[in-house]
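Enquirer: Below you will find the structure I want to go over with you.
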Amino acid sequence: MGERKGIPIALGLLAMLLFFIASSSSSHLVRASEDADDAIFYESFDEDFDGRWIVSDKEDYNGVWKHAKSDGHDDYGLLVSEQARKYAIVKKLDEPVSLKDGTVVLQFETRLQNGLECGGAYIKYLRPQESGWKPKEFDNESPYSIMFGPDKCGATNKVHFIFKHKNPKSGEYVEHHLKYPPSVPSDKLTHVYTAFLKPDNELQILIDGEEKKKANFLSSEDFEPPLIPSKTIPDPDDKKPEDWDERAKIPDPSAVKPDDWDEDAPMEILDEEAEKPEGWLDDEPEEIDDPEATKPEDWDDEEDGEWEAPKIENPKCEAAPGCGEWKRPMKRNPAYKGKWSAPYIDNPNYKGIWKPREIPNPEYFELEKPDFEPIAALGIEIWTMQDGILFDNILIANDDKVAESYRETTWKPKFTIEKEKQKAEDEAATGSDGIAGFQKKVFDLLYKIADIPFLSDHKSKIYDLIEKAEKQPNLTIGILVAVVVVFVSIFFRLIFGGKKPAKVEKKPERTEASNNQGGAENEENKEKEEASNAPRRRPRRED
């Protein structure tokens, strides 16, 4: 026993040691140099962004950007500081970056310090201002070449990669979305997102240096809509002929309903041969008031109404074949045939499913590689319900080795510290507060189980068990097992019935089936009524 008691203490000390190591290491991060000549563009946010980045003056974008440290580090980043706001900020590049020649690497770090339930954390790589936008008026309509980064809200959970491409035939810009993009990491650690645009038309998406998606810009399997339109399209002016018959089968026009076909015969009839089982208790109700139930001391007749004892199954019915009024079971009607309909035959006039004829697509073009617009600025334009989103170490390079080097020197040290800290906190919680936390989760679960409508008759007993467990935490596991046993017993009773089935001499399975017909709705209404009439208990104390 002494060794067991020492385990949580040892774990706690280990956790504190790891946390101390992590904290003391945070001031020794290795940073890439801002003036490094191996990057086309690099922003570390070591210096305040004010005067270098331009915040949009658009009325809707009232979120406040801050120059702030990443939690637990001396490293600064660009911080989303308020919840439920729109944010827009832009950074003009010294020279536009071409995406047409050679490899281009887009990389940046984000840390969702408060998690991300609904919001974006992506970057837009903007076209030159000649395309129609101004930094002070930057918004969601500002034209971009590429949009890349995490986005999560509702059913959306993906790392976007979207590019806009000008159709050389129509002159219109079309937005092409990466199909099946990777999901956003769900933790609160710093993650680095990398996109490689390669000269062979290949796209690679990496998260934390690990490849998560590979695609080809020219493949219709990888982007929606595809970059290269189809050669032909359905003729919009082609109309289906009025006499076009798409029915593969039709009712046989020569078929005639037989003279002995009775459409009015019911599907089921009373089984006149069935007999009431011996020992059936006609005068006993199926349920009676619980004789052990007592009116709660805090029950107020004026406020709560007249108290009624909860119902329990009549114990006399357990030993009998059944209670209450006996009714004959139903059986299938041998004369039943249902509505007559003519059998189907092959349609002699069938021409197949009509489709308009194909014509050449006026917007079709051939392309060996995407004709990307150059990147003239970087913009962060997001809407989010969370604060605490931190952007850092934004990089544009023309070599994947450069991006890898920056990941090793800027992202990896921070991520390692955060992982160690998280591990220490988890081990500390498991070693000291793990049991108490587990018990609280168990109690919360038990209270939720007790509130299930079909357990209303047993709510009092379940509450009593929970109250005992709260007073004696060492009984938590035993109490949980007891409640699970009660729950499973009630579940099987509901599924398979609480009484012995009526014993009839003929087709007992039809008796059971007929008694269950229409019973689901009645059972549901009964459960609702019982739940509403159940005696009120004093609400449980919230922690």
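The values are calculated or read from the model by the stated rules, or taken from the named source; none is laboratory data. This structure is a prediction, so every number in the text was calculated from the model and none was measured. As a convention, Cβ positions derive from the backbone with ideal geometry for all residues, glycine included, and neighbour counts pool all protein chains shown. The protein model used for the area step is the full one, side chains on, heavy atoms only, and it has no ligands, DNA or RNA in it. Shrake-Rupley method; radii C 1.70, N 1.55, O 1.52, S 1.80 Å.
Enquirer: Between a residue in region 44-66 that is at positive phi and in the same structural domain as Lys414 (by the TED database) and any residue that is open to solvent by 60 Å² or more (accessible area, probe 1.4 Å) and assigned to a strand (DSSP E or B), which pairs come within a Cβ distance under 7 Å, given they are 6 or more apart or on different chains?
Expert: Taking only residues 6 or more apart or on different chains, the pairs are Phe45/Tyr76.
Enquirer: On to the next question. Can you spot a residue in region 263-279 that is open to solvent by 50 Å² or more (accessible area, probe 1.4 Å), in a loop (DSSP other than H, G, I, E, B), free of Cβ contacts under 8 Å to residues at least 24 places away in the same chain and out of contact with any helix residue (DSSP H, G or I) (no Cβ under 8 Å at 6 or more places or on another chain)?
Expert: There is at least one residue in region 263-279 that is open to solvent by 50 Å² or more (accessible area, probe 1.4 Å), in a loop (DSSP other than H, G, I, E, B), free of Cβ contacts under 8 Å to residues at least 24 places away in the same chain and out of contact with any helix residue (DSSP H, G or I) (no Cβ under 8 Å at 6 or more places or on another chain).
Enquirer: Which condition number does Val174 fail, the rest of (1) at pLDDT 95 or above; (2) under 21 Å from the mean Cα position of the chain (by Cα) being met?
Expert: Of everything listed in (1) at pLDDT 95 or above; (2) under 21 Å from the mean Cα position of the chain (by Cα), Val174 misses just condition (2).
Enquirer: Further, regarding this structure: Across region 188-226, what is the total count of residues that are under 14 Å from Lys369 (Cβ atoms) and in contact with a Ser or Thr (Cβ under 8 Å, 6 or more places away or on another chain)?
Expert: Of the residues in region 188-226, 3 are under 14 Å from Lys369 (Cβ atoms) and in contact with a Ser or Thr (Cβ under 8 Å, 6 or more places away or on another chain).
Enquirer: In region 78-117, which residues are open to solvent by 40 Å² or more (accessible area, probe 1.4 Å), among the basic types (Lys, Arg) and under 21 Å from Thr156 (Cβ atoms)?
Expert: Arg85, Lys86
Enquirer: Please verify whether Glu303 is over 30 Å from Gly338 (Cα atoms), out of contact with any Gly (no Cβ under 7 Å at 6 or more places or on another chain) and modelled with pLDDT under 90, treating the condition exactly as stated.
Expert: Here the answer is yes, as Glu303 does meet what is asked.
Enquirer: Being in contact (Cβ under 8 Å) with a residue 60 or more places away in the chain and within 16 Å of Leu93 (Cα to Cα) is the filter here, so list the residues in region 118-141 that pass it.
Expert: Once the filter is applied, which keeps residues that are in contact (Cβ under 8 Å) with a residue 60 or more places away in the chain and within 16 Å of Leu93 (Cα to Cα), region 118-141 yields Ile123, Lys124, Tyr125, Leu126, Arg127, Pro128, Gln129, Ser131, Pro135, Lys136, Phe138.
Enquirer: Inside region 166-201, can you point out the residues that are under 18 Å from Ser220 (Cα atoms) and among the aromatic types (Phe, Trp, Tyr)?
Expert: Of everything in region 166-201, those that are under 18 Å from Ser220 (Cα atoms) and among the aromatic types (Phe, Trp, Tyr) turn out to be Tyr173, Tyr180.
Enquirer: Considering only residues that are open to solvent by less than 90 Å² (accessible area, probe 1.4 Å) and outside any loop (DSSP other than H, G, I, E, B), which ones fall in region 210-241?
Expert: Glu211, Lys213, Ala215, Asn216, Phe223, Thr232, Ile233, Pro234
Enquirer: A further question follows. Looking only at region 301-331, which residues are open to solvent by 70 Å² or more (accessible area, probe 1.4 Å) and in a strand (DSSP E or B)? It would help to see each step written out before you state the result.
Expert: Our first condition is that a residue be open to solvent by 70 Å² or more (accessible area, probe 1.4 Å); within region 301-331, this holds for 301-303, 306, 308, 311, 315-316, 318-319, 325, 327-328.
Scanning region 301-331 gives a single hit, Lys311.
Enquirer: If the requirement is being at pLDDT below 95 and either over 24 Å from Phe372 (Cα atoms) or in contact with a His (Cβ under 8 Å, 6 or more places away or on another chain) (or both), which of these qualifies: Glu130, Glu117?
Expert: Of Glu130, Glu117, the one residue that is at pLDDT below 95 and either over 24 Å from Phe372 (Cα atoms) or in contact with a His (Cβ under 8 Å, 6 or more places away or on another chain) (or both) is Glu117.
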